[in-house]
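Visitor: Shown below is the structure under consideration.
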C-alpha cells in the first residue's frame with residue numbers, strides 16, 4: 001500500500017477512533033480535576049491541579065461503589081455457574097443421546113431463542129413477587145438460570161465431539177451423568193469460555209431487570225448502582241461522579257484489553273443471539 | 001519469438017528467498033509443466049507471470065514485450081486456480097461472461113441499471129452471450145449455464161474455471177495445480193480434456209503441479225524446480241534419462257532411482273562395492289555416487305562381476321517383480337525383474353546386480369552430474 | 001437351543017440400552033426443560049393472556065376484557081409516538097452502524113499497521129457498561145460545561161441542551177446508539193472479510209477487475225451479502241430494544257420526543273401499574289421481535305452455506 005494511501009487510512013481511522021475514545025478519555029481526565037477546572041471557561045484537556053485522591057475518595061464514600069462491583073461479581077458468577085449446571089447436561093442429551101421427544105425438545109429450545117427477556121418480564125416479576133423473592137439476590141439470578149442460547153450453543157459444539165470418545169467412556173464404565181462432567185465439560189472449554197464471557201458481560205451490563213426487581217442500594221449491580229450514584233449527585237458534583245464511573249467501567253475495560261480476542265468472540269456470540 | 005521469456009527473476013518474502021535467478025524460455029504453443037514439491041516457488045513464479053505480484057529483480061517478457069509494470073488485465077493471460085475461484089454469487093454464465101464484460105464494456109456500460117440503456121451495450125452484450133455459449137458448448141457445460149457454483153460438482157466447477165480462462169482466447173494459459181482437489185478418476189479424465197484443449201486452441205500452456213506423473217504425461221517440456229531454483233528444463237524423457245542433478249533424478253521416476261556409493265581410482269575407473277562398473281569418469285581418486293533406475297540393472301546370480309545384495313521382500317505385480325534389496329552396506333535398493341527371469345526368487349536370497357553401463361548415472365558428493373564413458377566405447381576408439 | 005438363546009439376548013440388551021438412554025436423556029434434560037416452561041414459555045403465554053385483561057398490579061381481581069387493551073392502544077397517541085420514535089431510531093442507527101462498521105472494517109483490514117489498536121478503540125464502547133457511559137455522555141452533553149458544546153462552539157455553533165431540546169433529543173440518543181453499536185458491526189464485518197477467499201481477488205484481477213471500486217463491487221460486496229444481512233438484523237434487534245439510554249438520560253422526554261416502545265412498556269407496567277395494558281404492548285413488541293429473530297436465524301444459516 002502506498003505511503004499516501006496508508007496515511008489517509010490512518011487519518012480516517014484516527015478521526016473515528018478519537019470520537020470512540022473521547023468519552024473514556026474525558027471521563028478519566030475529569031476524575032483527576034479539581035472543582036474549579038470543571039466549570040472553567042477555557043477548555044483544558046489535562047488537569048492543572050491534581051485532585052484525583054479527593055475525587056475518588058468522595059466517590060467511594062458517598063455510595064458503596066465497591067459493593068456494587070462485588071454484587072456484580074456475585075450475581076454474574078452465580079448465574080454462570082448455575083447455567084453450566086442446568087444447561088450443559090441438557091445440551092449433551094440433545095446432541096448425543098437418542099430418546100423419544102428429543103426433536104420436540106429441540107424445537108422448544110429454538111422457540112425459546114426467539115423470546116427476549118423483556119417479553120417475559122411482567123409475569124416473571126409477578127412470580128417473584130408471589131414467592132416473596134423481590135429485592136434479593138435470588139431475583140437477580142433465578143430467572144436467568146436456564147439459557148436457551150447456552151443450550152443451543154453447547155449442543156452445536158457437542159455435535160462436533162467424536163462419538164468414539166463417548167463409546168470409550170462407556171466402555172470404561174462411566175454413566176451418562178459422569179460423562180457430562182468428566183468428558184464433555186473438559187472438551188467444551190473453548191465454547192464454554194466464549195459463552196462465559198458472553199453471559200458475564202451481558203448480565204453485568206443488564207440494567208432493565210435489576211431496575212425492576214431491586215430497590216435496596218445494597219443489592220444494586222454496577223449499572224443500577226451507577227444510576228443511584230448519579231441521582232445522589234444531583235448533577236453538580238461531576239468529579240466524584242466521573243471517578244465513580246471510572247471505577248465501575250474499569251473491570252470490563254481491563255478485562256477487554258487483557259484478552260481482546262476472547263472478549264470479542266464472547267460478545268459477538270451475542271450477535272448470534274441478538 | 002518465444003511466447004514467454006523470464007530473465008533472472010528473484011523474489012523474496014521477508015527473510016525467505018522464494019525464487020533465485022530463474023530464467024526460462026517458453027516457445028509459442030508449448031505445453032510446459034512446472035514441476036516441484038510444495039514450497040519450491042512454482043506458484044509464486046506463476047503469480048509473477050500473471051502480474052499478481054512483482055519480482056524483486058529480473059524481467060518478464062510476453063510475446064517479446066516487457067510486461068514489467070503491467071497490471072494482470074493488460075497482459076492477456078488467463079489463470080485457472082486450484083480452488084477454482086469462481087464467483088459464488090454469479091451463475092455459470094455470469095462467471096464466463098465477466099472477463100468479456102470487463103474488457104468489452106466501458107465503465108458506464110457496466111453500471112448495474114443504467115448501463116443497459118446506453119447505446120451499443122445491447123450489441124456487445126449479445127456478442128458476449130454468443131461467446132459464452134460457444135465456450136460452454138466446447139466444454140460440455142451448456143446445460144449448466146443457469147446454475148450457481150454451489151450447485152456444481154468438483155469436476156464441473158473445474159470445467160467452468162477452464163471456460164472462464166478460455167472465453168477470452170488469451171495467448172497464455174496459466175494453471176496452478178488445477179486438478180489436485182479432484183479424485184483420482186476425475187483427475188485422469190480432466191487431464192485428457194486439458195491436453196485435448198491445448199491441441200485445439202494452440203495456445204501456450206504453463207501448468208504447475210507437484211505430481212510428476214501429470215507433468216510427464218501432459219507436457220512437451222518439463223521445468224523442474226526445487227528451493228526456488230530451476231534445476232532442469234527438458235522433455236520428459238530427457239529429464240528421466242538424462243537428469244541434470246541427483247535432486248532431479250530422485251524427484252522424477254517411481255519407484256525412486258537407486259543411489260549407491262562408488263569410488264574412482266587414479267585411472268578414472270568407477271567401481272562400487274568392489275565391483276568394477278566398466279565405466280570411467282574424468283575425476284580421479286574420489287568418492288562419488290552412482291545412480292541406477294530400478295529397471296536398469298542386469299540381474300545375475302552372485303558372482304565377481306556383480307554387486308552382492310540380499311532380497312528383503314518381493315512385490316509381485318504379475319508381469320514383473322519389484323525386489324526390495326539391501327546392498328552389502330545396508331543401502332536399500334529397488335530392482336524391477338521380469339517374472340520369468342527369476343521364478344524362484346525368495347526373501348533372504350542373495351542376488352547379483354550389475355548396473356547397465358549405458359544407463360548408469362554418476363554424481364559427485366554434492367549431487368552434480370558427472371560424465372561417464374563406457375569402457376567398451378573407449379576401447380572402440382582407442383583400439 | 002443354544003443358538004436361540006444367543007439370538008434373543010442381544011435384542012433384550014438392545015432394548016434395555018435404549019430405555020436406559022431415554023432415561024438418561026430425559027434425566028439430564030429435565031431441569032432445563034422444566035425451567036424453559038417455567039421461565040420462558042410459560043411467561044410468554046402469560047403475557048399474551050394478561051393482555052386480554054384489565055389487571056393492575058396489586059388488584060385483587062382479574063377481569064377479562066378481550067381486545068379492549070388493543071383497541072385503546074390504537075387510540076393512544078403516546079403509543080403511536082413511541083412506535084414512531086422507535087422506528088425513527090432504528091431507521092437512523094441501523095444504516096449508520098452497518099455502513100460505518102463496514103467502512104471501518106474495510107479500512108482496518110486493508111493494512112496491517114495498528115490493526116489491533118483500531119479494533120480495540122472501536123470495540124471499546126461495545127464492551128463497556130452502557131449505563132456508566134451514558135452517565136458520562138450526560139456530562140459530555142451538559143449545556144455549559146460539556147465537551148460537546150465546547151467543541152460545537154469552536155466550530156461556530158451555539159451551545160444547546162442536546163438532551164432537553166425537543167428537536168435534538170432523539171437525534172442525540174441516536175448518535176449515542178451509533179457510538180455504541182458501530183464496533184459490534186465492525187467486528188462482525190471483520191470476520192466476514194476474512195472469510196472472502198484471496199483467490200477470488202486474484203481471479204478478478206486477471207479478469208480485469210483490479211481497481212478498488214471494481215474489487216469491492218465484484219468480490220467484496222457480493223461475498224459480504226449474507227454477512228451484511230446478518231449484521232443489519234442484529235443491529236435492528238438491538239435497536240428495537242433500546243431502553244437504557246432513554247431511561248437514564250431523558251425518561252422519554254422532553255414531551256415524549258424520545259419515548260420508545262420498551263420505555264413505554266416499562267412506564268405503563270411499572271410506573272402506572274397497568275399490567276394488562278403493558279402486556280398488550282409487550283405482545284406487539286414480541287411479535288415484531290419474533291419476526292426479526294426468525295430473519296436473523298435465516299440470515300445466519302445463509303452465512304454458513306454460501307458458496
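Read-outs: derived from the displayed coordinates by stated rules, not from any lab. The structure displayed is predicted, hence computed values, not measured ones. Ideal geometry is used to build each Cβ from the backbone, glycine not excepted, and the neighbour counts take in all protein chains shown.
Visitor: Using only the alpha-carbon atoms, what does the range B:1-51 span along each of its principal axes? Please give whole angstrom values in decreasing order.
Guide: Principal axes ranked by extent give 36, 21, 17 Å for the Cα atoms.
Visitor: Using only the Cα atoms of the range B:144-197, construct the convex hull and provide its projected area averaged over every direction, in square nanometres to one decimal.
Guide: 4.1
Visitor: For a bin width of 5 Å, list the pair-distance distribution of the range C:19-134 built from all Cα-Cα distances, rounded to whole %.
Guide: Bins of 5 Å from zero give 2, 8, 8, 9, 10, 10, 11, 11, 11, 10, 7, 3, 1, 0 percent of pairs.
Visitor: Can you show me the helix-derived [θ] at 222 nm for chain B, built from DSSP H runs with n ≥ 4 at -39,500 (n - 2.57) apiece and divided by the number of residues, rounded to the nearest 500.
Guide: -8000 deg cm²/dmol
Visitor: Springs between alpha-carbon pairs under 10 angstrom, Gaussian network model over chain B: which of B:203, B:333, B:108 fluctuates most?
Guide: For chain B, modelled as a Gaussian network with Cα springs under 10 Å, the answer is B:108.
Visitor: In addition: Below 8 Å, C-alpha to C-alpha, sequence gap of six or more: please give me the relative contact order for the range B:255-382 in percent.
Guide: 28
Visitor: Quick one: of the DSSP bridges fully inside the protein assembly as shown, what percent are antiparallel, nearest 5?
Guide: 75
Visitor: What area, in nm² and to one decimal, does the C-alpha convex hull of the range A:65-219 cast on average over all directions?
Guide: 10.4
Visitor: Sticking with this one: Let me know the mean shielding of A:18-31 by other chains, meaning the per-residue number of their Cβ atoms within 10 Å of its Cβ.
Guide: Mean inter-chain Cβ contacts per residue within 10 Å come to 5.
Visitor: How do B:187, C:84 line up, fewest other C-beta atoms within 10 Å first?
Guide: The most exposed by this proxy come first: C:84, B:187.
Visitor: Please determine, in degrees from 0 to 90 and to the nearest 10, the orientation of helix A:260-273 with respect to the longest principal axis defined by the Cα atoms of chain A, where the helix direction is its Cα long axis.
Guide: Rounded to the nearest ten degrees, it is 70.
Visitor: Moving on to the next point. Could you tell me how many degrees, from 0 to 90 and to the nearest 10, lie between the Cα long axis of helix A:102-113 and the main elongation axis, the longest principal axis, of the Cα atoms of chain A?
Guide: Once rounded, the angle reads 10 degrees.
Visitor: What does the highest-first list of C:150-162, A:62-74, C:199-211 look like by mean Cβ count within 10 Å?
Guide: Per-residue Cβ counts within 10 Å, averaged per peptide and sorted highest first, yield C:199-211, A:62-74, C:150-162.
Visitor: With viscosity set to 1.567 mPa s at 4 °C, what whole-number translational diffusion coefficient in µm²/s follows for the range B:220-287 from Stokes-Einstein and a Kirkwood radius over Cα pairs?
Guide: 95
Visitor: Summarise the partner chain shielding of A:93-99 as one whole number: the mean count of Cβ atoms from other chains within 10 Å of each residue's Cβ.
Guide: Taking the mean over all residues of the peptide, I get 6.
Visitor: Where Rh is the Kirkwood radius over the Cα pairs of the range B:255-382, the temperature 37 °C and the viscosity 0.692 mPa s, what D in µm²/s does Stokes-Einstein return?
Guide: In µm²/s, the coefficient is 218.
Visitor: Follow-up question, since we're still on this one. Compute the length gained on full extension between residue C:291 and residue C:221: take 0.36 nm times their separation in residues and subtract their Cα-Cα distance, giving the result in nm to one decimal.
Guide: Here the answer is 22.6 nm.
Visitor: Among A:193, C:220, which comes first, second and so on when ranked by fewest other beta-carbon atoms within 10 Å?
Guide: A:193, C:220
Visitor: Could you give log10 I(q)/I(0) at q = 0.07 Å⁻¹ for chain B, computed by the Debye formula over C-alpha point scatterers of equal weight, without solvent?
Guide: Rounded to two decimals, the profile gives -0.45.
Visitor: Translational D (Stokes-Einstein, µm²/s) of the range B:11-166 at 4 °C and 1.567 mPa s when Rh comes from the Kirkwood sum over C-alpha pairs?
Guide: Calculated translational D: 72 µm²/s.
Visitor: Take every Cα pair under 8 Å in chain A that's 6+ residues apart, average their separations, divide by the length, and report that relative contact order as a whole percent.
Guide: So the answer I get is 30 percent.
Visitor: Quick check on packing: order A:139-146, A:251-258, A:171-178, C:251-258 by the mean number of other C-beta atoms within 10 Å, highest mean leading.
Guide: Top of the packing list down: A:139-146, C:251-258, A:251-258, A:171-178.
Visitor: Let me ask another. For chain B, find the longest principal axis of its Cα atoms and tell me its angle to the long axis of helix B:184-201, 0 to 90°, nearest 10.
Guide: Roughly 70 degrees, rounded to the nearest 10.
Visitor: Work out the mean other chain Cβ neighbour count within 10 Å for the residues of C:133-143 and drop it here as an integer.
Guide: 6
Visitor: At a Förster radius of 56 Å, what calculated FRET efficiency corresponds to the Cβ-Cβ distance of residue B:53 and residue B:298, to the nearest 0.05?
Guide: So, using R0 = 56 Å, E works out to roughly 0.65.
Visitor: State, to one decimal in nm², a quarter of the convex hull surface area for the C-alpha atoms of chain A, i.e. the direction-averaged projected area.
Guide: Mean orientational projected area (chain A, Cα hull): 21.2 nm².
Visitor: Let me ask you something else. Tell me the relative contact order for the range A:65-219 as a rounded percent, counting alpha carbon contacts under 8 Å between residues six or more apart.
Guide: It comes to 43 percent, rounded to a whole number.
Visitor: State the percent of C-alpha pairs, over all pairs in the range A:131-274, separated by a distance greater than 23 angstrom.
Guide: 54
Visitor: So if I take the alpha carbon set of the range B:173-242, get Rg, then get Rh from the Kirkwood formula, what is the Rg over Rh ratio?
Guide: Rounded to two decimals, Rg over Rh is 0.96.
Visitor: Then there is this: Per DSSP H run of at least 4 residues, take -39500 (n - 2.57); add these up for chain A, divide by its residues and hand me the 222 nm value, nearest 500 deg cm²/dmol.
Guide: It lands at -22500 deg cm²/dmol.
Visitor: Let me ask something else about it. Sort A:13-26, B:207-220 by the packing proxy (mean of other Cβ within 10 Å over each peptide's residues), most packed first.
Guide: With the highest mean Cβ count within 10 Å placed first, the list reads B:207-220, A:13-26.
Visitor: Another question, then. Compute the Kirkwood hydrodynamic radius of the protein assembly as shown, taking the inverse of the mean of 1/r over all pairs of distinct Cα atoms, and give it in Å to one decimal.
Guide: The answer is 34.7 Å.
Visitor: Where the Cα atoms of chain C are projected onto their three principal axes, how long is each span, largest first, in whole Å?
Guide: Cα extents, longest axis first: 103, 75, 32 Å.
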